[in-house]
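Note sheet for the following structure.
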Amino acid sequence: MSTLLGRRVLLRPLARGDFGAWQQVRRRNRARLRRWEPRPVPGRPDAAEDPKAFADRCAARRRERQQGTGYGFGVFVDRHLRGEMNLSSIQRGPFQSCYVGYWIDEAVAGNGYTPEALVVAARFAFEELRLHRLQVSIVPRNSASLRVVEKLGLRYEGLAERYVEINGVWEDHHRFAITEEEWRVRAPELVAEWIAPRPVRTPNRQR
């Protein structure tokens, strides 16, 4: 597995050569993303400012892929890094489940790239990794992230109180999920809407 293709997005693991692009997009979105991400560990270098820390982050993601515990992807649009889509905390055995996390560059937000990337990742998770369940957890006030799961019609499972520590605060999260059984029913619709190439329309010629 190296790259996953959507209609407009390409998903691939980040490598140390992506540092410059990563630094640029993370710096540009730093203030916005801080509201939705865990607080940095004190004393740990910032991967957006330290090339070695970024390389270490890429190596950690590579080990996760090798162990089958996680799959992290950069989201690229027109060859430009625009965000990330991550399948994390993969559990096998009777659970066969993972968590999905994502973010997108504010400069291209609102164009449907994130729901497209999520469908690409879901297809990979269900059809290649053979997982049974994907879960997405979202802070209630994160309206942009909520729009992503609403566009895809993911099933709402309820509110988890004080679920994850975000920027130093234990935040409630709305929980959404889709199972393999639901994917089998909905895959043709989701793939046609978000991944499959649009048919080329030719102008009608009058005879």
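The values are calculated or read from the model by the stated rules, or taken from the named source; none is laboratory data. The structure presented is a predicted model; accordingly, all values stated were derived computationally and were not measured. Every residue, glycine among them, receives a Cβ derived from its backbone with ideal geometry; neighbour counts consider all protein chains shown. Ligands, DNA and RNA are excluded from the accessible area calculation, which covers all protein heavy atoms including side chains. Shrake-Rupley method; radii C 1.70, N 1.55, O 1.52, S 1.80 Å.
Data overview
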item: Debye, to nearest 20: dipole size of region 14-165, +1 on Lys, Arg Cβ, -1 on Asp, Glu Cβ; result: 200
item: Shape box of region 141-192 [Cα atoms, principal axes, largest first, Å]; result: 41, 21, 14
item: Stokes-Einstein D in µm²/s, Kirkwood radius over Cα pairs - region 1-94 at 37 °C with 0.692 mPa s viscosity; result: 229
item: For region 66-105: Kirkwood Rh in Å [reciprocal of mean 1/r, alpha carbons]; result: 11.2
item: Candidates GLY70, GLY43, GLY153, ranked by Gaussian network fluctuation over the chain, Cα under 10 Å, top entry; result: GLY43
item: Rounded to whole Hz, the Karplus (6.51, -1.76, 1.60) HN-Hα couplings of region 17-30, x for glycine and proline; result: x, 8, 4, x, 5, 4, 4, 4, 6, 6, 4, 5, 10, 4
item: Degrees separating the helix 113-127 axis from the principal Cα axis of the chain, which is the longest one; result: 90
item: Helix-only [θ]222 nm of the chain, DSSP H runs n ≥ 4, -39500 (n - 2.57) each, per residue, nearest 500; result: -11500 deg cm²/dmol
item: log₁₀ of I(q)/I(0) at q = 0.26, 0.29, 0.31 Å⁻¹ - region 39-95, Debye sum with one point per alpha carbon; result: -1.13, -1.16, -1.16
item: The chain - accessible surface per residue (Å², probe 1.4 Å); result: 58
item: Distance between region 160-183 and region 64-142 - C-alpha centres, whole angstrom; result: 14
item: Built amide H within the under 5 Å cut-off of TYR163, gap 5+; result: GLU171, ASP172, HIS173
item: Region 50-207: relative contact order in percent, alpha carbon pairs under 8 Å with at least 6 residues between; result: 16
item: Of all accessible heavy-atom area on the chain, the percent that carbon and sulfur account for (1.4 Å); result: 49
item: Debye log10 I(q)/I(0) at q = 0.10 Å⁻¹ for the chain, Cα point scatterers; result: -0.45
